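Peer 1: Supplied in structure tokens, the structure appears directly below.
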Amino acid sequence: MKKTFMSLAVAAVSCLFFTSCAVLNTQTGMGALYTSTTDPGAVTSNSVGSKVGVSGASNILGLVVTGDASINAAAKNGGIKKVSHVDVQKSTILGIYSTTKTFVYGD
């Protein structure tokens, strides 16, 4: 009985750990302890500009999510009228806290 209870407890803790609330989807996958990647967002035919705009959002336990990580917000923050390309940086720690930053390049 004790062995069965311990097995169930380990399974329950594993399920909680691997189905955390602040999970990110990245092109390279997610690390169990820490993830920090920069993925391509979008590309236009405009030439690479000299300006960079950044926007971001964060997630704590899936309970509190704040911010505006949109391309529009990043373009406004950088004073960009013609977007050349977009990169998205995502990071998470133990699936408990995650951030997303959008980098917009252009003129």
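The values are calculated or read from the model by the stated rules, or taken from the named source; none is laboratory data. Everything numeric here is computed off the predicted structure, so don't read it as measured data. Cβ sites come from the backbone with ideal geometry, for glycine too, and all protein chains shown count toward neighbours. Side chains are part of the model used for accessible areas, which takes the heavy atoms of the whole protein and leaves out ligands, DNA and RNA. Shrake-Rupley method; radii C 1.70, N 1.55, O 1.52, S 1.80 Å.
Peer 1: Would you mind computing, in nm to one decimal, how far apart the modelled labels at Ser36 and Ala57 are, each placed 7 Å from Cα along Cα→Cβ?
Peer 2: With each label placed 7 Å out from Cα toward Cβ, I get 2.2 nm.
Peer 1: Throw me the Rg/Rh for the range 31-107, computed over C-alpha atoms with Kirkwood Rh, two decimals.
Peer 2: 1.05
Peer 1: Moving on to the next point. Keeping every protein chain in place, order Asp107, Asp87, Asp39 by accessible area at 1.4 Å, biggest value first, i.e. largest first.
Peer 2: So, going from the largest accessible area down, we get Asp107, Asp87, Asp39.
Peer 1: If we count every other residue with Cβ under 15 angstrom of Val104's Cβ, Lys/Arg +1 and Asp/Glu -1, where does the sum land? Kindly include the intermediate steps, with their values, before the conclusion.
Peer 2: Details: positive: Lys51, Lys76, Lys81, Lys82, Lys101; negative: Asp39, Asp68, Asp87, Asp107.
Its environment carries a net charge of +1.
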